[in-house]
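Okay, structure first, notes after.
Computed from the coordinates by the stated procedures, all read-outs in this text should not be read as laboratory data. These figures come from a predicted structure and were not determined experimentally. Cβ placement follows ideal geometry from the backbone for every residue including glycine, while neighbour counts extend to all protein chains displayed.
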4 protein chains.
Amino acid sequence: MTNLDDLQKKIIAFRDERDWKQFHTPKDMAISLALEAAEVLEHFQWKNEAEIAEYLKTNKEDIGDELADVLWWVLLMSHDLGIDILEASERKIEKTAKKYPVEKSKGKHNNCCEKRNSSKYSKYL
Amino acid sequence: MTNLDDLQKKIIAFRDERDWKQFHTPKDMAISLALEAAEVLEHFQWKNEAEIAEYLKTNKEDIGDELADVLWWVLLMSHDLGIDILEASERKIEKTAKKYPVEKSKGKHNNCCEKRNSSKYSKYL
Amino acid sequence: MTNLDDLQKKIIAFRDERDWKQFHTPKDMAISLALEAAEVLEHFQWKNEAEIAEYLKTNKEDIGDELADVLWWVLLMSHDLGIDILEASERKIEKTAKKYPVEKSKGKHNNCCEKRNSSKYSKYL
Amino acid sequence: MTNLDDLQKKIIAFRDERDWKQFHTPKDMAISLALEAAEVLEHFQWKNEAEIAEYLKTNKEDIGDELADVLWWVLLMSHDLGIDILEASERKIEKTAKKYPVEKSKGKHNNCCEKRNSSKYSKYL
């Protein structure tokens, strides 16, 4: 499967088989999205870069589960709110490209930081 | 475009053109994911169901932008951590199906609630 | 104990007895604050107002634990960053009062909503 | 002012003068708490330890404002839910002390990490 539509349909079918739509208000789905994102974040807490690199060696499946949960809510919310998430993504990339044109943004992040000295910061990924 | 791989490649290219990978530690990407999810949630704050239904009539593009931002980080993190997000999603659906078999879960959400009386709760979506 | 300073000192002593300051970077403390706030939020997910009112009857201690965790990180971060949280709170109240003067804000929330009809919305708290 | 009760009373008075209690459902207050915690976190995003140390020199008031917002919702929620936050904090410290006794926890964080070599990690705070 390489098609987002198929995944979205599968998730909707999963939900509807269980008659769970009655619980899925927009506010509660948005809360779920935020809570699942917090669960992704929890994996990286209290670890420095070296510890994270080590942790990733044995915890990819768990992190993948949490990222999948976030994607689940993105797809379910998009569906229920009538938003085409791929179209929205294309549009957002164009907006972001205008906000951060390559020539002005190269090596500067959110206009906040000077280019980092590559010898100074480990870049293990 | 209906292909998640293509969207992911586009986002990676966007990032790499700007030489931003140097900033994208796993921890900071996970923070971004959580902050973007919070921005989705913000749209639904302080509104009751009727107000949300009204709000959705004119704010779908903004909400779509925020959901696209969340998807952006799901795809960028998955890529950098070496996680196949579609495979992870398929696997997670199977796990969740085992946890919540249809016969036991129908109309009950997270085993926490009785089936709601459909005349009692508005279901506007 | 009715003194915030005493609580803060107690938390710092707890931390220092365990030699945990070495782990408490500002970024990781801010992540903790966000994760504990997410745990508070989790209590209210998937419940409508009536279900929450019912839930509160038997779960106050658990919710109190989570709110205490949030306060813990507010006090620990404030201390480590050299912020007087009571002074900051006094200052913030003054700023907010200027932003939302009583005469313009009465019954309107974040300038977003008309005054709600009190007969229309249950106000169980 | 060194008294948390006084701060809490001031915040309740602020809210009631504006007739905002009608909007303050437990779920929406918990959302606010999470969103304000996200705003604290945002200050530390995309910065390494050295950049954060630099940033703190000139941004303490802004961070203090955000921490004050988190405290605001802790106090408002506690009040509305009938939770004595100082009592809850005392109780939680005792629980945490039992979970992490000094002799077992010294220099180990959440039982997850070995004591860090102090020469290896910068400890700028």
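Laid out as a table, the results:
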{"item": "Net charge over other residues, Cβ less than 9 angstrom from the Cβ of A:Lys47 (K, R count +1; D, E count -1)", "result": "-3"}
{"item": "Residue among D:Ala97, D:Ala88, D:Ala68 with the largest mean-square fluctuation in a Gaussian network model of chain D, springs linking Cα atoms under 10 Å", "result": "D:Ala97"}
{"item": "Unsatisfied cross-links (Cα-Cα over 21 Å) in the set C:Lys27/D:Lys98; B:Lys47/D:Lys21; B:Lys47/B:Lys99; C:Lys98/D:Lys47; A:Lys47/A:Lys99", "result": "C:Lys27/D:Lys98; B:Lys47/B:Lys99; C:Lys98/D:Lys47; A:Lys47/A:Lys99"}
{"item": "Teacher prompt: D:Glu94 distances to equivalent labels in other copies, 7 Å Cα→Cβ, nm", "result": "3.9, 4.8, 6.2"}
{"item": "Rounded to whole Hz, the Karplus (6.51, -1.76, 1.60) HN-Hα couplings of segment C:7-19, x for glycine and proline", "result": "4, 4, 4, 4, 5, 4, 4, 4, 5, 6, 3, 8, 6"}
{"item": "Degrees separating the helix A:49-81 axis from the principal Cα axis of chain A, which is the longest one", "result": "40"}
{"item": "Gap separating the Cα centres of segment D:75-107 and segment B:1-65, nearest whole Å", "result": "35"}
{"item": "Positive-pole candidate from D:Ser78, D:Ser32, D:Trp46, dipole of chain D, charges at beta carbon", "result": "D:Trp46"}
{"item": "Sites A:Asn59 and D:Asp6, calculated FRET efficiency, Cβ-Cβ separation with R0 60 Å, nearest 0.05", "result": "0.85"}
{"item": "Other-copy label distances relative to B:Lys57, 7 angstrom Cα-Cβ extension, nm", "result": "3.9, 5.4, 5.9"}
{"item": "Rel. contact order, % - alpha carbon contacts under 8 angstrom, at least six apart, chain B", "result": "27"}
{"item": "Helix C:26-42 vs. chain C, principal-axis angle (Cα, 0 to 90°, nearest 10)", "result": "40"}
{"item": "Degrees separating the helix A:85-99 axis from the principal Cα axis of chain A, which is the longest one", "result": "30"}
{"item": "At q = 0.10, 0.16, 0.17 Å⁻¹, base-10 log of I(q)/I(0) for chain D (Debye sum, equal scatterers on each alpha carbon)", "result": "-0.50, -1.07, -1.13"}
